[in-house]
1. Can you tell me the order of 53-62, 99-108 when each peptide is scored by its average per-residue count of other Cβ atoms within 10 angstrom, highest first?
2. Which pairs in the list 93/114; 36/232; 17/152; 25/232 are over 24 Å apart, alpha-carbon to alpha-carbon?
3. So what's the net charge close to residue 118: Lys and Arg +1, Asp and Glu -1, counting the other residues with Cβ under 15 Å from its Cβ?
4. Which net charge results for the neighbourhood of residue 56, defined as the other residues with beta-carbon distances under 13 angstrom from its beta-carbon, given Lys and Arg at +1 and Asp and Glu at -1?
5. Return the sequence-ordered ³J(HN,Hα) values of segment 104-113 in whole Hz as given by the Karplus equation 6.51 cos²θ - 1.76 cosθ + 1.60 applied to θ = phi - 60°, using x for Gly and Pro.
6. Calculated FRET efficiency, residue 137 and residue 208, Cβ-Cβ r, R0 41 Å, to nearest 0.05?
7. If I take R0 = 25 Å and measure r between the Cβ atoms of residue 57 and residue 22 in this structure, what FRET efficiency does the formula 1/(1 + (r/R0)^6) give, to the nearest 0.05?
Amino acid sequence: LPLFIFANWRGFSGGQKDMFEMVLKFGAYIVDQLCKFLNPVIVYIPPHGELRGGAWAVIDPTINPVCMQMFADPRSRGGVLEPEGTVQVKMRKDLVPLMRRLDKEMMRLAVLEKEGQNVKVDTDARIELLMPTYRNIAITFADLHDTPVRMKAVGAIKAGNVKCVDDIRRMKDLLQCYFKETRSDEAFSWESVPDSDALAVLDAERKQIVTFLVENDFSKTMGERYGIPAEKLARFIREMRNNECDQ
């Protein structure tokens, strides 16, 4: 069965309460299990939901790219930092230069300062007056980078256009296509394929098969799940690489 995760978490504070409740420890347990999960995992950020910080790291699709996909409602938000934190960390030093460049009164005071007049008190008062407005503008700008449109553009999510019944239907079609791509082998039996045709497919796809097994560490996961000895899987991959596998 597929696993559906409705993601609406704002990360870990790193404070004493979270450490005492072992939030980080149990988050690591979730990552460990998702790494080994072989069925489809659908992560969905609901309307007005947020996925932030350490919570994103726990359910990021790159943990298990073969099985995990992430979707989001257009009204949701996601990112490592919240907009307020982004402004505080990345844009705080740029706000005053922005005022000097855009505000006419700040421009006038800058001219007077160049002429040798002491306008520090007036400048500080003007900065204090403008700071709340410019900070809100910066927060809005930072929030635009946390929308599903931006998350989709950078490849963090699969789709971000689910907000009504019609969109849900389209999402269902998208999920069906995804399941057909990733789970089509469950409805297919190699028993009905002649050995000659199966070997032809194996020869044609040998390089892709070996690359998939090695890069995704899929052989280890399959071995742990079905009890196949590690040395047997390693021998199989080695034979595949050397074109020695005949069955």
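1. Working: 53-62: 18.1, 99-108: 13.8.
Descending mean neighbour count gives 53-62, 99-108.
2. On the way: 93/114 22 Å; 36/232 19 Å; 17/152 34 Å; 25/232 34 Å.
Beyond 24 Å: 17/152; 25/232.
3. Numbers: positive: 108, 114, 120, 126; negative: 113, 115, 122, 124.
Here the charged neighbours net out to 0.
4. Details: positive: 10, 52, 77; negative: 50, 60, 82, 146.
Here the count lands on -1.
5. Couplings: 5, 5, 5, 5, 5, 5, 5, 5, 5, 5 Hz.
6. Values: r = 50 Å, r/R0 = 1.21.
The calculated FRET efficiency here is 0.25.
7. Numbers: r = 16 Å, r/R0 = 0.65.
So, using R0 = 25 Å, E works out to roughly 0.95.
No lab work stands behind these numbers, since they all come straight from the coordinates. What you see is a predicted model, and the numbers here were worked out from it, not measured in a lab. Every residue, glycine among them, receives a Cβ derived from its backbone with ideal geometry; neighbour counts consider all protein chains shown.
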